[in-house]
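Written below as structure tokens is the structure these notes are about.
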Amino acid sequence: MGAHGAEMHELVEQLYPICRSITGDGVRETLRHVSGHIPLRVHEVPTGTPAFDWTVPREWNIRDATITDSEGRRIVDFRHHTLHVMSYSAPIDERMQLEALRPHLHTLPDQPDQIPYRTSYYNENWGFCLSQRQLDVLDDGEYHVRIESTLADGSLTYGECVIPGAEQAEFLLTCHICHPSLANDNLSGIAVLTWLGRALAARTNRFTYRLLFIPGTIGSLTWLSRNEDVVGRIRHGLTLAGVGDAAALTYKRSRRGTADIDRAVGLLLCDRDRDARIEDFSPYGYDERQFCSPGFDLPVGCLMRSPHNTYPEYHTSADDPSFVQPASLADTFAFLLSLIDLLERNGHYRNMSPKGEPQLGKRGLYPSTGGPTARQEQLAMLWVLNLADGHHTLIDIVERSGMPWNAVASAAERLAATDLLSAVPTSEAQTRPEP
Ligand code: ZN
């Protein structure tokens, strides 16, 4: 198991029992746990605040919910599993016959032991979720249905952690925090992002990192509507979701498809794991659909392991902490660090001796020994010197040369330590016209 896998899994287990939704105390409690590990600013945005075409909804909180039979037995009990209540259920306290209750009961007939996950955020309703086996043994008769919830003006809560870097250019990393007791789809992203925040806060970075812990959809819309001034600084971005199951990594490209983040993942991912997959953008999925809406079109991709809705545990009680593997959390974390390393090292360089090939030997750059490694080092230096015209980035050079990232990046760093190569500041490189 890789570094931190067990600790991240422990956070998943701690957060698992909490009943989260898109608003409410479950989100606050979750963010309190996260803020024990990283410096987190918690924002409260009042009900009714507009967010483009949307509005921050009323806040939902729940204390208890049960279905009790005529003999007083608790047939369905929220205290046994947060999934038993449809999220955003309105309060109710009524006695009714099974037939009247049935339309409010949700099961998974194909997975008779699992409880489904259901929500009704924007349409006031109430409901219970239970296993098909629980439903099958219910007799006709009268049931007491009670949901002790409140739907009232309050606020939407999200967490933001900004880790300043040498540059104002930002790297945005987000996860959703709105699912109740679901481990892979929600808690895995929270755990990995928390540990990434710890790692980034403990070192010196080139980019400014902005980590968002937000409820899905309404959270990213709310953040975007309050941060249009920040949006222009976002150079790279990733939404993390479902990053703890045993499958290989899956990356979904940004809407642009050829942003640096898309290309960097392309260079790293398939070399690392031949089962890893890269998918094109589609306007469905997690919060990347808001960041990649045409009015923003940000370079934000989505990193997953099993994509949403492709595994039987998805949105069911089977997505519990045992479905999340410490080794998978650690692998996602390690991949993110290598991706960040690549993007931090990427940049524009200029050959300061561009007329003819410069003499490597007199600068001690010509390999004294032969062999394939030495030949690769030399070839990488020649590629860098040839394409370092201030317009090509190291990613461009890797793609054009077909050489490994590390060979090219190391060559550039070695050359930049001599008089032959000079790094072009990002700000200057960006004002240049496209070649
Ligand atoms: Zn989900």
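Residue-level check: of (1) more than 13 Å from the chain's Cα centre (by Cα); (2) within 16 Å of the ligand (Cβ to nearest atom); (3) open to solvent by 10 Å² or more (accessible area, probe 1.4 Å), GLY216 misses just (1). Got at least one residue in region 399-414 being modelled with pLDDT of 95 or more, of a type outside the set (Gly, Ala, Ser), more than 37 Å from the chain's Cα centre (by Cα) and more than 26 Å from GLU170 (Cα to Cα)? No. Here PRO312, PRO307, PRO326, PRO294 are screened, and the one residue that is on the phi < 0 side of the Ramachandran plot and in contact with a His (Cβ under 6 Å, 6 or more places away or on another chain) is PRO326. The criterion of at least 3 residues that are farther than 25 Å from HIS179 by Cβ, at pLDDT 95 or above and open to solvent by 30 Å² or more (accessible area, probe 1.4 Å) is met by the following helices (runs of 4 or more DSSP H) wholly inside region 275-387: 326-345, 372-387. For region 237-244, the criterion of being more than 16 Å from the ligand (Cβ to nearest atom) and within 20 Å of ILE340 (Cβ to Cβ) is met by at least one residue. Screening LEU98, LEU108, LEU135, LEU156 for residues that are without any contact (Cβ under 8 Å) to a residue 40 or more places away in the chain and open to solvent by less than 60 Å² (accessible area, probe 1.4 Å) leaves exactly one candidate, LEU135. In region 255-274, of all residues being part of a loop (DSSP other than H, G, I, E, B) and open to solvent by 50 Å² or more (accessible area, probe 1.4 Å), the one that is nearest to HIS308 (Cα to Cα) corresponds to ARG255. Among the residues of region 39-79, write down those that are outside the structural domain of SER220 (by TED's automatic domain parsing) and on the phi > 0 side of the Ramachandran plot. Within region 39-79, GLY72 is the sole residue that qualifies.
With respect to the conditions (1) open to solvent by 30 Å² or more (accessible area, probe 1.4 Å); (2) over 24 Å from SER149 (Cβ atoms), GLU29 lacks only one, and its number is (2).
Residue pairs whose Cβ atoms lie under 7 Å apart, separated by 6 or more positions or on different chains, with the first residue in region 259-276 and within 17 Å of LEU172 (Cβ to Cβ) and the second hydroxyl-bearing (Ser, Thr, Tyr), are ILE261/SER254; ASP262/SER254; VAL265/TYR251. Apart from one condition, ASP77 fits all of (1) of a type in the set (Asp, Glu); (2) out of contact with any strand residue (DSSP E or B) (no Cβ under 6 Å at 6 or more places or on another chain); (3) without any contact (Cβ under 8 Å) to a residue 24 or more places away in the chain; the exception is (2). Within region 285-311, being among the aromatic types (Phe, Trp, Tyr) and within 12 Å of the ligand (Cβ to nearest atom) holds for TYR286, TYR311. Taken over region 35-88, the criterion of being under 30 Å from ALA199 (Cβ atoms) and open to solvent by 20 Å² or more (accessible area, probe 1.4 Å) is satisfied by SER35, GLY36, HIS37, PRO39, LEU40, ARG41, VAL42, GLU44. Could you grab me the full set of residues in region 420-435 that are of a type outside the set (A, V, I, L, M) and at pLDDT below 95? Listed by number, the residues that qualify are PRO425, THR426, SER427, GLU428, GLN430, THR431, ARG432, PRO433, GLU434, PRO435. Flag not set for THR82, criterion: at pLDDT 95 or above, outside the structural domain of LEU212 (by TED's automatic domain parsing) and farther than 19 Å from PRO215 by Cα. Considering the conditions (1) within 14 Å of the ligand (Cβ to nearest atom); (2) more than 14 Å from the chain's Cα centre (by Cα), PHE207 is excluded by exactly one of them, (1). Checked against (1) open to solvent by 60 Å² or more (accessible area, probe 1.4 Å); (2) free of Cβ contacts under 8 Å to residues at least 12 places away in the same chain, GLU399 meets all criteria but (2).
The values are calculated or read from the model by the stated rules, or taken from the named source; none is laboratory data. Since we're looking at a predicted model, the values are computed, not measured. Backbone-built Cβ (ideal geometry, glycine too); neighbour counts: all protein chains shown. Protein only, heavy atoms only, side chains kept; ligands, DNA and RNA dropped before computing areas. Shrake-Rupley method; radii C 1.70, N 1.55, O 1.52, S 1.80 Å.
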